[in-house]
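A.B. asks: Sharing a structure with you now.
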Amino acid sequence: MGDKHDRRYKRLFSNPEAVEELVTSFVDLDIVHEFDYSTLEKVPKEFTTGKYKKRESDLIYKVNHKGRDAYIFILIEFQSRVDYKMPLRMAAYTSLFYLSLKDIDEFCRKRELPVLLPIVLYNGESEWNAALSIEEMIPAQGNIRAYIPKFCYYLIAENTYSKETLIGISNAVSAIFLLENSNKDSIEENLRIVVELIQQKDPKLIKLIEGWVVNCLEDTGDYTEVIHKSFTKAKGVDSMLETTMKQIKEEGIEKGREEGREEGVYKVAINMIKKGMDDATIQDVTDLSSKKIKELRKQGD
C-alpha cells in the first residue's frame, strides 16, 4: 500500500494546481494567500532516507513570496501508526534543506534565510496525537525554556475532515481526501460527488484523479461495479476512466488475482497500449513499472 500511495500522491502533487489547492484550502495561515502560485517550481531534492523511505515521501516546491523565494516542504506520511518522533524528523529534514541551499553562507551572514512552510500530510486511520513541535516534547521549566527549540510543523490529517467539510471545500484535493476516507457503504455516493467536483478542473489533474480511482480498484477489490456505475451515471463524464473501467472488467483483474495476477495485468496493459493510451495512464491503472510498459510496447511492435 505504501509504495502505491507514494506514486499516487507524487503524481497528484506534481500538478501545481493540486499543490495550490492543498495549501490554500488546508493550511490556515495568512502567508499561503500571499504566495504567487504561478511561480511554483518543484525542487529536485529528497531528504527522507533509510527506513523512512518506505513509509513516507517528501516534495519541495519553490514559490515567490513578495519578491523573494519561499519554499513549501510536504512530507507525506503513509503509515497507519503515528510516529511520535515526527517533530525531530521534520526539524532534521528542514535543517538539511537549508544547509543544501547554494547561498547558505550568505543567507546566514545576513540572517535572511528564506521562508519554509513544513507540512506533514497524514493519511493513516489512527488519530494523529504526536506533538506538533519540539518544544512540546521537552517539559523543562524556568528560564531554560528560552533555549529550547520551538520548531513546529503544520499537520494535515485527512481523517479529521468531515464529509461536509470536504464537499464544502470543493476542489480536487478535497475529492481525493473524500475517496481516502470512504468505506464500502459510502464509496458509491462519494464517487458521484467526486466526479462533480473535478469536472471543471485542468484536464491533467482530472486524468491524475481518474488514474487514482482506477488504481484503487486493487485495494478495494469488490468495488469494481460500484465505481463503474458511479462514473457512467455522472453527467458529462466521457473520459479515460470509462475506457479503463471497461478494460479492467473485460480482462478480469479479479480473475487475474486468482489465476495469475501478472498475466492478467499484462493483458490489461497490452490492450491499453493498443488503444493508444500513454505510459503514465497505464502505470496508474496497472501499477506496472515504466520499464515493463516499454517492454510490452516493444513486444507489440
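The values are calculated or read from the model by the stated rules, or taken from the named source; none is laboratory data. Just so we're clear, the structure is a prediction, and the values are computed from it rather than from any experiment. A quick note on method: Cβ atoms are made from the backbone with ideal geometry, for glycine too, and the neighbour counts reach across all protein chains shown.
A.B. asks: Output the residues belonging to the range 15-30 that are modelled with pLDDT under 95 and touching a helix residue (DSSP H, G or I) at 6+ places or on another chain (Cβ under 8 Å).
C.D. replies: Matches in the range 15-30: ASN15, GLU17, ALA18, GLU21.
A.B. asks: Further, regarding this structure: With the checklist (1) closer than 17 Å to GLU77 by Cβ; (2) at pLDDT 95 or above in hand, flag the one item TYR52 doesn't pass.
C.D. replies: Of everything listed in (1) closer than 17 Å to GLU77 by Cβ; (2) at pLDDT 95 or above, TYR52 misses just condition (2).
A.B. asks: Further, regarding this structure: Tally up the residues in the range 115-168 that are among the polar types (S, T, N, Q) and either touching a Leu at 6+ places or on another chain (Cβ under 6 Å) or in a loop (DSSP other than H, G, I, E, B) (or both), please. Walk me through it before giving the result.
C.D. replies: At the first step, the residues of the range 115-168 found to be among the polar types (S, T, N, Q) are 123, 126, 129, 133, 141, 143, 159-160, 162, 165.
Among the residues that remain, those that are also either touching a Leu at 6+ places or on another chain (Cβ under 6 Å) or in a loop (DSSP other than H, G, I, E, B) (or both) are: 123, 126, 129, 141, 162.
Final tally of qualifying residues: 5.
A.B. asks: Moving on to the next point. Please work out which one of (1) touching a strand residue (DSSP E or B) at 6+ places or on another chain (Cβ under 9 Å); (2) closer than 26 Å to GLU34 by Cβ; (3) surrounded by 12 or more Cβ atoms within 10 Å (Cβ to Cβ) is the condition LYS66 fails and give its number.
C.D. replies: With (1) touching a strand residue (DSSP E or B) at 6+ places or on another chain (Cβ under 9 Å); (2) closer than 26 Å to GLU34 by Cβ; (3) surrounded by 12 or more Cβ atoms within 10 Å (Cβ to Cβ) applied to LYS66, the lone miss is (3).
A.B. asks: Determine which single condition SER170 fails, assuming it passes every other condition in (1) outside the structural domain of GLU20 (by TED's automatic domain parsing); (2) free of Cβ contacts under 8 Å to residues at least 24 places away in the same chain.
C.D. replies: Status for SER170: all satisfied but (2).
A.B. asks: Sort out which residues of the range 81-104 are surrounded by fewer than 12 Cβ atoms within 10 Å (Cβ to Cβ) and free of Cβ contacts under 8 Å to residues at least 12 places away in the same chain, and write them in order of number.
C.D. replies: LEU99, LYS102, ASP103
A.B. asks: Pick out the one residue from SER162, SER133 that is exposed (fewer than 12 other Cβ atoms within 10 Å of the Cβ) and either among the hydroxyl-bearing types (Ser, Thr, Tyr) or farther than 22 Å from LYS10 by Cα (or both).
C.D. replies: Values: SER133 fails: exposed (fewer than 12 other Cβ atoms within 10 Å of the Cβ).
After applying the criteria, what remains is SER162.
A.B. asks: What is the number of the single condition among (1) in a strand (DSSP E or B); (2) at pLDDT below 95; (3) crowded, with 19+ Cβ neighbours inside 10 Å that ILE72 does not meet?
C.D. replies: For ILE72, the failing item is (2).
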